[in-house]
Protein chains: 2
Amino acid sequence: VSCGITVGEVGERELIARIRARIGPASDRVRLGIGDDAALLVPPKRALEAVTTDVLVEGVHFDRALTGAYDIGAKAVAVNLSDLAAMGATPRAVLLSLGLPPALSTGDFDALVAGVMEMAGRYGVALVGGNVTRSPGALFVDVTALGDVHPRKALTRAGGRPGDALYVTGCAGAAAAGLVCLRQAVSSGGSSPETDGAVADAIARYRRPDPRVRLGILVGRNRAASACIDSSDGLADAVRQIACASGTGARIDASAVPWHPAVARLWPSGIEAVEGALSGSDDYELLFAVPPRKRRLFASVAVRPGGPPVTRIGMLTEGRDIVIRRDDRDAALPAGYTHFG
Amino acid sequence: VSCGITVGEVGERELIARIRARIGPASDRVRLGIGDDAALLVPPKRALEAVTTDVLVEGVHFDRALTGAYDIGAKAVAVNLSDLAAMGATPRAVLLSLGLPPALSTGDFDALVAGVMEMAGRYGVALVGGNVTRSPGALFVDVTALGDVHPRKALTRAGGRPGDALYVTGCAGAAAAGLVCLRQAVSSGGSSPETDGAVADAIARYRRPDPRVRLGILVGRNRAASACIDSSDGLADAVRQIACASGTGARIDASAVPWHPAVARLWPSGIEAVEGALSGSDDYELLFAVPPRKRRLFASVAVRPGGPPVTRIGMLTEGRDIVIRRDDRDAALPAGYTHFG
């Protein structure tokens, strides 16, 4: 009904009213939600508060021709929940700051908000505050997420030691492959790429990443890892960051990395596939460092029916070199993804 | 030295390193600051947590020809601290999400961050997290602020009752008048407008708003008001919002409103001046509702040497009408400012 009307026509107050209409009953943790100068939350007891912020910008992180408004909203929340999961934190609340081109349709606005609410609701997270403004250029969706984690159960990047094994969830390069497939489908005139199961799965992982919320919390709660990071800027970057923060080197075994099947389909050359899968961003998997004495504990916690696959891909090493071992030779690990090119 | 280099040339990691280099020693409240997947904060004890988010977007909230990068950074923090002050909350931490046009100079980037740090440091607030990304269009500076407030001392918008007096800090319309003067100066080829003291003051209030942090905390702590809001969208909007949330009407006395002197200079007609001052945004003053039995307490708390002037401008009323009394006649209060025009 509203698809012909733009957000510029209905204005800020009506847009905020539409968001408020979607908010469910307040949780115990929310003393005062959207609608005042600030929200009032009951802070965690005997826990630290984990806070993070991340934004999706049109033309940088997404293209509206490839990703619908619902998926953009859901993903903006997902990338923040992924950051909390990488700390072992339980997500509690999000704030949403929207910059809207005035020509955006109210239908797209409603879909975006529905995506935000779906992803937040999936993990019991309350939308407690926000802001709606005009953007003269790109649509942007900025989210801040708050969560709780027990002080001794937080997973930082810095706790790894030489000899710790590196484990990654899911499949590497799925989102990057999905994006390539999506672009090919659009430029070839929209012939559906989803007849191929691996391709369809890769596209779904690009469009609708599901953060590893439960796994991050479980591993943290059981103190089953020494360090953790999410792979939002690619697996190579995640390995580099966890090693750098831990003051170690790292060695990845190329043959152990769980490439997504669409990666091999896109880049039949092994070297290109490795580069694509290691450097491709947007997977939102978790990378854990696990000390030798905790490997059985980690396996019992992390490997669960219905959970993502968890694969050992290498280890942290003495020194500072970050290498990938391929065909019995060590090479420098390719760099991660950066949105500044 | 760096003024010829753009942020697009130096890249995300270098920009984050520049921010980290400016961060002082961690406070007791910050267990883990910038550099991991999320920051870890010690939550408040025996207090609620107040959280708010607000963004400044180029071409909507500021024009780089009129406002320098340092002032943009400082203001992005100030507008959020103003929201916390309006809850009576003590600010503790901010997160900063920057969307940067690649052509922005590193000199402007450094100045923007310096402005953020100055405003945060002025009120003892730690920068605990953030995000730097490219923006294909407008520069945007998105801030989330966290603060503490005792549950019974929080100032919401909704606590007002008919008969409560309305008090406002500072001068109304200062920022709106300052912006008009700035634009006139630029369009007339840059003849300095600051020879006139009132005009110079109005411009300073537009460029460098100073949130009423201490006054908001003091009034909340002493429970000296029944409701509070900041006037970021104009005084008329603030009156309307506080009355609407409190379920009351309101009557403002035009002759009591403390117009900034530059307002009268710009708009010699009284009616235009009233409209400009009431509807003009960006003042970041506080509007309080004060019950009759608390007026002496409020006066003793709010009127302090070195503090802003505090002026009684009207009252909350029975019913729902929002009126301004001028020349012994009631008229509807003009609408507030909206960035969706």
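The values are calculated or read from the model by the stated rules, or taken from the named source; none is laboratory data. Source: prediction; values computed, not measured. We place every Cβ from the backbone using ideal geometry, glycine too, and count neighbours over all the protein chains shown. Surface accessibility is based on the protein's heavy atoms, side chains included, excluding ligands, DNA and RNA. Shrake-Rupley method; radii C 1.70, N 1.55, O 1.52, S 1.80 Å.
A few notes on this one:
- Annotation for the range A:145-168 versus the range B:145-194: alpha-carbon center distance of 44 Å.
- Working note: 222 nm ellipticity from helices only, DSSP H runs with n ≥ 4, each -39,500 (n - 2.57), summed and divided by the residues of the protein assembly as shown, gives -11000 deg cm²/dmol to the nearest 500.
- When the square roots of the Cα gyration tensor eigenvalues are ordered a ≥ b ≥ c, the ratio a/c for the range B:207-268 is 1.5 or more and a/b does not exceed b/c, which makes its shape oblate.
- Rounded tilt (10° steps) of A:106-122 against the dominant C-alpha axis of chain A: 50 degrees
- In the range A:123-151, burial by the other protein chains removes 30 Å² or more of accessible area from A:Asn131, A:Thr133, A:Arg134, A:Pro136, A:Phe140, A:Asp142, A:Thr144, compared with the chain on its own (1.4 Å probe, ligands and nucleic acids ignored).
- For chain B, the relative contact order works out to 21 percent when only alpha carbon pairs closer than 8 Å and six or more residues apart are counted.
- Rolling a 1.4 Å probe over the heavy atoms of the protein chains gives chain A an accessible area of 39 Å² per residue.
- A prolate overall shape is assigned to the protein assembly as shown, the ratio a/c of its alpha-carbon gyration tensor axes (a ≥ b ≥ c) being 1.5 or greater and a/b exceeding b/c.
- Copy-to-copy label separations for B:Arg13, where each label sits 7 Å from Cα toward Cβ, in nm and ascending: 5.0
- Inter-copy spacing of B:Arg295 label points, which lie 7 Å from Cα along Cα→Cβ, given in nm from shortest upward: 7.9
- Both chains summed, the buried accessible area for A and B stands near 5100 Å², from protein heavy atoms and a 1.4 Å probe.
- GluC sites (Glu not before Pro) within the range B:38-125: DSSP coil, no more than 10 neighbouring Cβ in 10 Å: none
- Judged by the gyration tensor of its Cα atoms, with axes a ≥ b ≥ c, the range B:42-168 is prolate; a/c meets the 1.5 cut and a/b is the larger of a/b and b/c.
- Pairwise centroid distance, computed over Cα atoms, of the range B:216-286 with the range B:89-136, Å: 29 Å
- Partners for A:Lys153 among lysines (Cα-Cα distance below 21 Å; same-chain residues under 8 apart left out): A:Lys45, A:Lys294, B:Lys45
- Across identical copies of the chain, A:Arg122 has label-point separations of 4.2 nm, listed in ascending order, with the point defined 7 angstrom from Cα along Cα→Cβ.
- Averaged over the residues of peptide A:24-37, the number of Cβ atoms from other protein chains lying within 10 Å of each residue's Cβ is 4.
- The phi-based Karplus calculation (6.51 cos²θ - 1.76 cosθ + 1.60; θ = phi - 60°) puts the 3J(HN,Hα) values of the range B:89-94 at 8, 7, x, 10, 8, 10 Hz, whole numbers, x for Gly and Pro.
- Environment charge of B:Arg320, counting only residues whose C-beta is closer than 13 Å and scoring Lys/Arg +1, Asp/Glu -1: 0
- Between the helical axis of A:197-207 and the longest alpha-carbon principal axis of chain A there is an angle of about 60 degrees.
- Against chain B, whose longest principal axis is taken from its Cα atoms, helix B:270-279 shows a tilt of about 50°.
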